[in-house]
Amino acid sequence: MNVVIVTEPDDIHAVLVKLALEKKGCRCDLFFSADMPSKHENSIYCDYDHFTWITGASETDRVMSANDVTAVWWRRPRKPFISDDVHKNDRAFIVRENSVYHHSIPFLFNDSAWWVNPYSSQVKSQSKIVQLKVARQCGFALPLTLISNSPHRIKDFIKNNEDSGVIYKPFTPYYGIDNDGLKILYTNRVCLNDLPSDKMLKITPGIYQRYVDKKYELRVTCFGRMISAVKIDSQSHRLGKTDWRRAPAGDYAISKVELPEDIKERIILFMNNMGIVFGCFDFIVTKDDDYIFLEVNEQGQFLWVEDINPQCCYLDMFADYLIQASFDFNWVKSAETLHSADFTDEAQAIVDANVKKHVYLNGVERVA
């Protein structure tokens with residue numbers, strides 16, 4: 001068995017999974033796609049009989065051949081990092097050439113490799129617009145939603161739902177840095193007075209939804225057909241009532257719950273229709289015990305759940321999922337079950353070392 005995780009240097013999730021896989025006797029390589037071309041040297045040899053990909057730093061070349069990789073976790077791929085020391089007249093050409101190579105990488109792996117998630121599903125599964133469309137087709141209840149860049153329709157939507165209130169959320173995560181540090185754009189309740197100018201509304205389409213009163217929220221992590229749900233008591237925390245992510249995760253009580261069979265069946269149908277084999281789903285459970293679909297993150301964080309509730313053995317579960325490489329995968333807790341807490345210190349040391357070795361991180365220059 002050989003698993004490749006395509007990610008970035010500071011991804012502790014990927015390192016924890018690598019350590020767990022190696023503990024289980026499976027080879028695992030972390031592939032930092034942004035290392036091309038600043039740190040990676042890549043060579044492809046091919047003729048009628050052979051196709052061989054050699055990749056890595058020159059002193060640690062890693063040979064990948066057609067039958068080498070059994071599973072690919074397409075975790076956090078990043079575009080090639082091109083430093084600023086190239087001539088400005090050459091930069092556009094260099095960026096294009098590296099981009100073509102980068103977009104070819106998924107097709108260089110063994111055709112029979114198990115993908116989490118399949119590359120062909122990427123664009124579809126990452127779109128919150130498509131998620132809502134497919135969720136509706138699968139029979140999930142949804143909040144009343146407007147997706148728009150029309151100032152007058154947005155204002156009308158807020159006016160027509162002023163009794164319940166309206167929330168706004170972006171299509172993609174947004175992070176910014178100012179003098180006060182890292183800023184994250186969470187889901188927020190909005191009223192007419194909160195809206196920016198009509199010009200800004202028009203050039204920035206967004207998602208507006210009728211606010212749904214919550215009894216609690218669910219994070220549902222799906223390893224193929226193996227579905228694990230935890231209850232997040234978000235309404236017990238003043239910061240978490242609209243978006244539970246706003247409060248530190250450790251501030252919540254998180255308990256395992258069993259989903260109704262019809263919700264499980266709809267989740268499986270949704271995953272099949274989206275073409276994904278792994279995902280972290282978010283649901284609201286109302287005071288009437290209705291299940292309201294919010295979204296799915298097809299590469300969502302999941303080990304934080306085990307950090308809070310060690311009964312959720314997600315590290316061992318996910319490692320076995322990559323090894324078994326099957327949507328119908330099965331997992332049973334045993335005396336040999338691995339726990340993320342056993343690897344945390346080692347994983348953090350590896351991440352720290354990785355970051356020091358890189359002059360970039362998410363496209364930001366770092367001191368070598």
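The values are calculated or read from the model by the stated rules, or taken from the named source; none is laboratory data. Everything quoted here is computed from the prediction, not taken from an experiment. As a convention, Cβ positions derive from the backbone with ideal geometry for all residues, glycine included, and neighbour counts pool all protein chains shown.
Go over the candidates Tyr101, Tyr119, Tyr168, Tyr174 one by one and state the one that is aromatic (Phe, Trp, Tyr) and exposed (fewer than 14 other Cβ atoms within 10 Å of the Cβ). Outline the logic, then answer.
Numbers: Tyr101 fails: exposed (fewer than 14 other Cβ atoms within 10 Å of the Cβ); Tyr119 fails: exposed (fewer than 14 other Cβ atoms within 10 Å of the Cβ); Tyr168 fails: exposed (fewer than 14 other Cβ atoms within 10 Å of the Cβ).
None of the others qualify; the one that does is Tyr174.
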Point to revise | Criterion (among the β-branched types (Val, Ile, Thr), closer than 21 Å to Ile129 by Cα and in contact with a Lys or Arg (Cβ under 9 Å, 6 or more places away or on another chain)) met by exactly one of Ile232, Ile254, Ile263, Ile268 | key: Ile268
Revision key, fill the gap. For Tyr252, the lone unmet condition from (1) surrounded by 17 or more Cβ atoms within 10 Å (Cβ to Cβ); (2) within 19 Å of the chain's Cα centre (by Cα) is (2)
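For segment 117-148, how many residues are of a type in the set (Lys, Arg) and over 30 Å from Val3 (Cα atoms)? Spell out how you get there, then give the answer.
Looking only at segment 117-148, we keep the residues that are of a type in the set (Lys, Arg), and these are 124, 128, 133, 136.
From what is left, the residues that are over 30 Å from Val3 (Cα atoms) are 133, 136.
Count: 2.
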Check your understanding: Of (1) charged (D, E, K, R); (2) modelled with pLDDT of 95 or more; (3) surrounded by fewer than 19 Cβ atoms within 10 Å (Cβ to Cβ); (4) in a helix (DSSP H, G or I), Lys356 satisfies all except one. Which?
Key -> (2)
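How many of the residues making up segment 137-152 are under 20 Å from Ser197 (Cβ atoms) and surrounded by 13 or more Cβ atoms within 10 Å (Cβ to Cβ)? Full working, then the answer.
Of all residues in segment 137-152, those under 20 Å from Ser197 (Cβ atoms) come to 146-152.
Imposing the further condition that a residue be surrounded by 13 or more Cβ atoms within 10 Å (Cβ to Cβ) reduces the set to 146-151.
So the answer is 6.
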Review point. Tally time: how many residues in segment 190-213 are under 15 Å from Lys169 (Cβ atoms) and in contact with a helix residue (DSSP H, G or I) (Cβ under 6 Å, 6 or more places away or on another chain)?
Key: 2
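For segment 242-333, list the strands (runs of 3 or more DSSP E) that sit wholly inside it and hold at least 2 residues that are of a type in the set (Val, Ile, Thr) and modelled with pLDDT of 95 or more; which are they? Write out each step before concluding.
Working: elements: 254-257, 278-285, 291-297.
By residue number, 278-285, 291-297.
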Exercise for review: Any residue in segment 232-261 that's farther than 18 Å from Asp307 by Cβ: show its pairings with residues that are part of a helix (DSSP H, G or I) at Cβ separation under 7 Å, as long as the two are six or more apart or on different chains.
Suggested key: Leu239/Arg246; Lys241/Ser234; Lys241/Gln235
Review point. Applying the selection to segment 317-340, what residues are surrounded by fewer than 18 Cβ atoms within 10 Å (Cβ to Cβ) and among the charged types (D, E, K, R)?
Key: Asp328, Lys333, Glu336
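Find the residue count for segment 83-106, including only residues that are in contact with a helix residue (DSSP H, G or I) (Cβ under 8 Å, 6 or more places away or on another chain) and under 29 Å from Val17 (Cβ atoms). Don't jump to the end; show me each part of the working.
Residues of segment 83-106 that are in contact with a helix residue (DSSP H, G or I) (Cβ under 8 Å, 6 or more places away or on another chain), as a first pass: 86, 102, 105-106.
Remaining after also requiring under 29 Å from Val17 (Cβ atoms): 102, 105-106.
Number satisfying all stated conditions: 3.
Answer yes or no: is there a residue in segment 177-194 that is assigned to a loop (DSSP other than H, G, I, E, B), of a type in the set (Phe, Trp, Tyr) and not assigned by TED's automatic domain parsing to the domain that holds Arg266.
First, the residues of segment 177-194 that are assigned to a loop (DSSP other than H, G, I, E, B): 179-180, 185-187, 191.
From the residues that got through so far, the ones that are of a type in the set (Phe, Trp, Tyr) too are 186.
Going one step further and asking which of them are not assigned by TED's automatic domain parsing to the domain that holds Arg266, we end up with 186.
Yes, because at least one residue in segment 177-194 is assigned to a loop (DSSP other than H, G, I, E, B), of a type in the set (Phe, Trp, Tyr) and not assigned by TED's automatic domain parsing to the domain that holds Arg266.
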Point to revise | Candidate set: segment 2-23, residues that are in contact with a helix residue (DSSP H, G or I) (Cβ under 6 Å, 6 or more places away or on another chain) and outside any helix (DSSP H, G or I); chosen: the one nearest to Tyr101 (Cα to Cα) | key: Val6
Review point. Are any residues in segment 67-112 under 25 Å from the mean Cα position of the chain (by Cα) and of a type in the set (Ser, Thr, Tyr), and if so, which ones?
Key: Thr70, Ser99, Tyr101, Ser104, Ser112
Study note, to complete from the structure: Given (1) at pLDDT 90 or above; (2) closer than 20 Å to Ala353 by Cα, Ser33 misses just (1)
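Please find, within segment 36-75, the residue that is farthest from Lys357 (Cα to Cα) out of those that are hydroxyl-bearing (Ser, Thr, Tyr), part of a strand (DSSP E or B) and at pLDDT 85 or above. Before you say what the answer is, go through the steps one by one.
Restricting attention to segment 36-75, the residues satisfying the condition of being hydroxyl-bearing (Ser, Thr, Tyr) are 38, 43, 45, 48, 52, 55, 58, 60, 65, 70.
From what's left, part of a strand (DSSP E or B): 43, 45, 52, 55, 65.
Next cut, at pLDDT 85 or above only: 43, 45.
Values: Ser43: 22, Tyr45: 28 Å.
The extreme case among them is Tyr45.
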